[in-house]
Amino acid sequence: MGVTAVMAGSAESASRGRDARKGLALAAPALLWTLAFFALPSGAIAVWSLFRREGAELVTTPGLDNYRRFLDQESFRLGLLNSVEVTLTVTVLAVLLAFPLAHAIATRIRPERQRLWLMAAVLPFWTSYVVRSYAWLLVLAPEGVVNGTLMTLGLIEEPLALSFNRGATITGFVHFSVMLCTLTIYASLVRIDPKLGLAAADLGANRWQVFTRITLPLAAPGIAAGAFLTIVITIGDYITPQILGGNTELLMPQIILLQINRRADIPMAAALSMILMLMVTIAYLALARWLTGRRR
Amino acid sequence: MSAAALRQHATTGLILGPLLLFVYLPVAVLVLFSFHEGSVPVPPFEGPSLEWYREMLDDERITDATWNSAIVGLLSSALATLLATLAAWGLARHRVPGRRLLEGLLFMPLAVSYLVIGVGLLVAFSAVGIEKSLVAVGIGHVVLNLPLAFAVVYGQFDPEQARLEQAARDLGASEPQVFLRVTVPLLRPAILGAFLLSLTFSWDEFVVAFLLSAFDPTLPVVIWGMLRTGLNPQTNAAGTLVFLVSVVAGIVFELAVWRRGRRERLG
């Protein structure tokens, strides 16, 4: 190896360093913004969750008091339990409803029209979640469209209790999540080569086997992505249970905002936010494990 | 039409019909009863009437909030799109060490609920003395939209585009020519898409705006306040306005991405 090669090597590494610096400089504003207004505030939540409020005072000696209170007080524990139950129900229902919708669009509609159908199927996705929950109230309220129609038809005498309960909260959540999961599942399904199914059928697989052995495994990433986004959104949403759920039971986000607005107890709100993030992390790990388990 | 094809169509309709009814029912009811004549938006429908739209336009809370939402939405989306495009450019076209880690950091806010991001900003801002204001809301909206905008633009910087740029160079194009005639036209739909996606999410966003605004609420926050009075056709009218703006932005977004998809198939 001669001197020229060494020089060329160092020139190359110098230009590579320059290239890396250029790339970093371009990415820096976005990275700094995310650090300053996302990572630091997240750290602040972790720190504040160790403080506690006594009367109007903020006690900044770190301790686990808020977490102990969470474990001791039934109302907090119940809030988490409600949130987990609602989130799991919503996720399962959303995937079960979104799959046939996405599958029908991906397999039963002509390819050049699929995009249009998909757009049509998820158009209400673009409604604000405040407006969407209010819209469901119009449908489910005691004097709302469903009860009004059923009563006019003479099918019921008294309005059914469709709103201000857990069922209404779940309906509102599922409505949004179905559209979200339809998008992610469709994205997986449309990439499946139809020849795979035909080949399996040639080799003697029946339709059920083609579905469970080919379609479902290849759609798994879309299902997992949709389920994860559904979980993040459902477990952290305050509006839907507040508008549709009535005051029969509280979910975690409602309890968190209660701490902020009514009790001005930011440390407790921070501790509850940490617990919410923990739940999302668990969901992420579970879904990631399910995916890698499937691939094997 | 053969019997088999007919049965095929019937099955498709049986699957799609009920699901589409479920998806569209609330929105249809919302829009229909914004034209209701009576003072409670419940059946039977009377009208149509534009009374509640007139009432809405006369309501300063709503018109002020619409401006606030528009300003926050436009500025925060523009900033999020700019930061996202620069970052996508830097990470896709340059060899940055630890690229995976940096991507992970940029995507991270997607995995955290808006409520938690809002609580974090509330804690951090009060600790350093930043007042609740529209600016605070805008900062929060950039945080929410940056990962989405980054995902949309970053996806466009695929190897295919790098090959096209290289091909232009090989055919004798200068760097500015490559940039103006190849890179920008290929990126334009993605940048527009990122901007529109951010715009609809900011326009619709409630909890961060609720936690970080004081005397200048955005439209979703005002609509939330209106809900305390129960079912009211004026809320329907305001909701329809919000929906209409989002849908238009959503459709243009879809078309921008769609055109890109079609070109990819043709190319």
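The values are calculated or read from the model by the stated rules, or taken from the named source; none is laboratory data. It should be emphasised that the depicted structure is a prediction, and the values quoted were computed from it without experimental measurement. Methodologically, a virtual Cβ is constructed for each residue, glycine included, from the backbone with ideal geometry; neighbour enumeration extends over all protein chains shown. Note: areas computed on protein heavy atoms with side chains; ligands, DNA, RNA excluded. Shrake-Rupley method; radii C 1.70, N 1.55, O 1.52, S 1.80 Å.
Solvent-accessible area per residue in chain A equals 50 Å², computed with a 1.4 angstrom probe and all protein chains kept.
For residue A:22, the solvent-accessible surface computed with a 1.4 Å probe is close to 130 Å², ligands and nucleic acids excluded. Total buried accessible area between A and B, probe 1.4 Å, nearest 100: 7200 Å².
If R0 is 45 Å, what FRET efficiency do you get for residue A:213 and residue B:166 from their C-beta distance, rounded to 0.05? E(calc), rounded to 0.05, equals 0.65.
Between helix B:184-204 and chain B there is an angle of about 30 degrees, using the helix long axis and the longest principal axis of the Cα atoms. In chain B, the longest principal axis of the Cα atoms and the axis of helix B:60-93 are about 20 degrees apart.
Cα centroid separation, the stretch B:105-172 to the stretch A:196-224: 37 Å. With protein chains left intact and a 1.4 Å probe, residues in the stretch B:42-102 average 57 Å² of accessible area per residue.
Take every Cα pair under 8 Å whose residues are at least 6 apart in sequence, average their separation, divide by the length of chain A, and the relative contact order is 25 percent. Ligands, DNA and RNA left out, the 1.4 Å accessible surface of the stretch A:45-198 is 65% carbon and sulfur atoms. Sequentially through the stretch B:166-180, phi angles give Karplus couplings (6.51, -1.76, 1.60; θ = phi - 60°) of 5, 4, 4, 4, 4, 7, x, 6, 7, 4, x, 5, 4, 4, 6 Hz, Gly and Pro residues having no value and appearing as x.
Rounded to the nearest 500, the helix-only mean residue ellipticity at 222 nm of the protein assembly as shown stands at -25000 deg cm²/dmol, with each DSSP H run of n ≥ 4 adding -39,500 (n - 2.57). Computed extension length for residue B:45-residue B:21: 6.7 nm, one decimal, from 0.36 nm per residue of separation with the Cα-Cα distance subtracted. Accessible surface for the stretch B:105-163, divided over its residues, is 34 Å² per residue with a 1.4 Å probe.
Specify whether the C-alpha gyration tensor of the stretch A:70-295 places it in the rounded, prolate or oblate class, a ≥ b ≥ c being the square roots of the eigenvalues: rounded for a/c under 1.5, otherwise prolate if a/b is larger than b/c and oblate if not. Oblate. Label positions at residue B:110 and residue B:4, each projected 7 Å from the Cα along the C-beta direction, are separated by 4.2 nm. Tell me whether chain B comes out rounded, prolate or oblate; compute the Cα gyration tensor, take square roots of the eigenvalues as a ≥ b ≥ c, and use a/c under 1.5 as the rounded threshold. Because a/c hits 1.5 or more and a/b fails to exceed b/c, chain B counts as oblate.
Available extension along the chain between residue A:281 and residue A:165 is 39.0 nm, counting 0.36 nm per residue and deducting the alpha carbon span.
For chain B, modelled as a GNM whose springs connect Cα atoms under 10 angstrom apart, the maximal fluctuation among B:170, B:158, B:216 occurs at B:170. Give me the percent of Cα-Cα pairs in the protein assembly as shown that sit more than 38 Å apart, rounded to a whole number. Value for the protein assembly as shown (Cα pairs over 38 Å): 36 percent. Within the assembled protein chains, the solvent-accessible surface assigned to residue A:260 is about 20 Å², based on a 1.4 Å probe.
For chain B, take the longest principal axis of its alpha carbons; what is the angle in degrees between that and the long axis of helix B:3-34, to the nearest 10 within 0 to 90? Long axis of B:3-34 versus the principal axis of chain B: about 60 degrees. Projecting the Cα atoms of B:242, B:171, B:117 onto the charge dipole of the stretch B:60-266 (Cβ charges, centred on the Cα centre) puts B:171 farthest toward the positive pole. Taking the chain by itself as reference, the stretch A:18-32 contains these residues with an accessible-area loss of 20 Å² or more in the full protein complex (1.4 Å probe, heavy atoms): A:19, A:20, A:23, A:24, A:26, A:27, A:29, A:30, A:31. For chain B, modelled as a GNM whose springs connect Cα atoms under 10 angstrom apart, the maximal fluctuation among B:130, B:117, B:15 occurs at B:15. A crude spin-label estimate for the pair residue A:92 and residue A:58, with each label 7 Å from Cα along the Cβ direction, gives 4.2 nm.
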